Amino acid sequence: MTDSEFTKLTYIAQGGQPTVNARLEIDAAGQATLFSGSSWSVPPLLRNTVGYFGATLPAETFAALKAQIADAGVLDLARQEQATSPDPTTRYLTIEQGSESYQFSLLDTSDEPALADLEQQLVDIMTELLSEPVRAVAVDLFLDESDAGLVPTVDLSQLGPEPLPLLLLEPDDANY
């Protein structure tokens with residue numbers, strides 16, 4: 001695949017228990033944006049950050065991603081029938097190449113090494129993007145012991161240059 005052929009890649013993971021909510025987009029210039037909507041969105045570790053993250057991928061990372069798509073015959077797999085999945089988290093991948101769009105449903109039980117390798121590359125990119133907040137928040141929970149009992153503390157920290165408004169109480173709810 002030449003640089004002019006790769007247009008866009010979108011990877012979405014959502015659902016499951018605990019809830020996963022993530023969307024990764026990579027454009028033709030290698031600009032990557034990640035929305036991570038839960039602490040469990042980027043495996044394998046629990047994260048304390050949610051929000052929007054973004055950066056231009058390093059040239060070698062972007063080249064390796066495009067090579068994986070082209071060399072492993074990944075696009076040919078989009079035309080194959082996909083089995084239904086008992087997996088609670090639904091994962092989708094869309095690769096746009098010129099005017100063509102290739103769509104995949106990814107399964108934990110997939111026997112396609114090319115798709116598994118590609119998905120691992122995407123998770124690695126997502127992990128790296130978590131260190132590039134654009135509009136995000138970090139949440140830390142602490143529990144201290146005192147003579148009065150346990151004292152919980154929640155620390156919210158804004159990350160990135162763009163503001164992220166937080167609604168902690170629903171103003172229209174009479175119970176607050």
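Quick one: in segment 152-167, which of the residues that are part of a loop (DSSP other than H, G, I, E, B) and surrounded by 10 or more Cβ atoms within 10 Å (Cβ to Cβ) is modelled with the lowest pLDDT?
If we take residues in segment 152-167 being part of a loop (DSSP other than H, G, I, E, B) and surrounded by 10 or more Cβ atoms within 10 Å (Cβ to Cβ), then Leu164 is modelled with the lowest pLDDT.
In segment 23-46, which residues are part of a strand (DSSP E or B) and within 17 Å of Val139 (Cβ to Cβ)?
Phe35, Ser36, listed by residue number.
Every residue, every condition in (1) at pLDDT below 85; (2) at positive phi; (3) among the hydroxyl-bearing types (Ser, Thr, Tyr), yes or no:
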site: Leu93; (1), (2), (3): no, no, no
site: Glu96; (1), (2), (3): no, no, no
site: Ser101; (1), (2), (3): no, no, yes
site: Leu106; (1), (2), (3): yes, no, no
site: Ser110; (1), (2), (3): yes, no, yes
site: Leu118; (1), (2), (3): no, no, no
site: Met126; (1), (2), (3): no, no, no
site: Leu129; (1), (2), (3): no, no, no
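With the condition kept exactly as written, say whether any residue in segment 9-30 is polar (S, T, N, Q) and in contact with a Leu (Cβ under 6 Å, 6 or more places away or on another chain).
no
Condition (residue is among the polar types (S, T, N, Q) and surrounded by 15 or more Cβ atoms within 10 Å (Cβ to Cβ)) applied to segment 125-132: is it met by at least one residue?
Within segment 125-132, one or more residues are among the polar types (S, T, N, Q) and surrounded by 15 or more Cβ atoms within 10 Å (Cβ to Cβ).
Give the residues of segment 120-151 that are among the charged types (D, E, K, R), farther than 19 Å from Ala55 by Cα and outside any strand (DSSP E or B), sorted by residue number.
Residue satisfying the conditions is Asp147 alone.
Within segment 70-82, identify whether any single residue is modelled with pLDDT under 75, within 20 Å of the chain's Cα centre (by Cα) and either within 23 Å of Ile26 (Cβ to Cβ) or not in a strand (DSSP E or B) (or both), and answer yes or no.
No, segment 70-82 contains no residue that is modelled with pLDDT under 75, within 20 Å of the chain's Cα centre (by Cα) and either within 23 Å of Ile26 (Cβ to Cβ) or not in a strand (DSSP E or B) (or both).
Do you know which residues across segment 21-61 are among the hydrophobic types (A, V, I, L, M, F, W, C), surrounded by 16 or more Cβ atoms within 10 Å (Cβ to Cβ) and out of contact with any Asp or Glu (no Cβ under 9 Å at 6 or more places or on another chain)?
Answer for segment 21-61, where residues must be among the hydrophobic types (A, V, I, L, M, F, W, C), surrounded by 16 or more Cβ atoms within 10 Å (Cβ to Cβ) and out of contact with any Asp or Glu (no Cβ under 9 Å at 6 or more places or on another chain): Ala22, Leu24, Ile26, Trp40, Val42, Val50.
I'd like the residue in segment 17-44 that is over 13 Å from the mean Cα position of the chain (by Cα) and not polar (S, T, N, Q) and, out of all such residues, is modelled with the lowest pLDDT.
Once the filter is applied, the top-ranked residue is Pro18.
The values are calculated or read from the model by the stated rules, or taken from the named source; none is laboratory data. Values in this document were obtained by computation on a predicted structure and should not be read as measured data. Please note: Cβ atoms are built from the backbone with ideal geometry, for glycine as well, and neighbour counts cover all protein chains shown.
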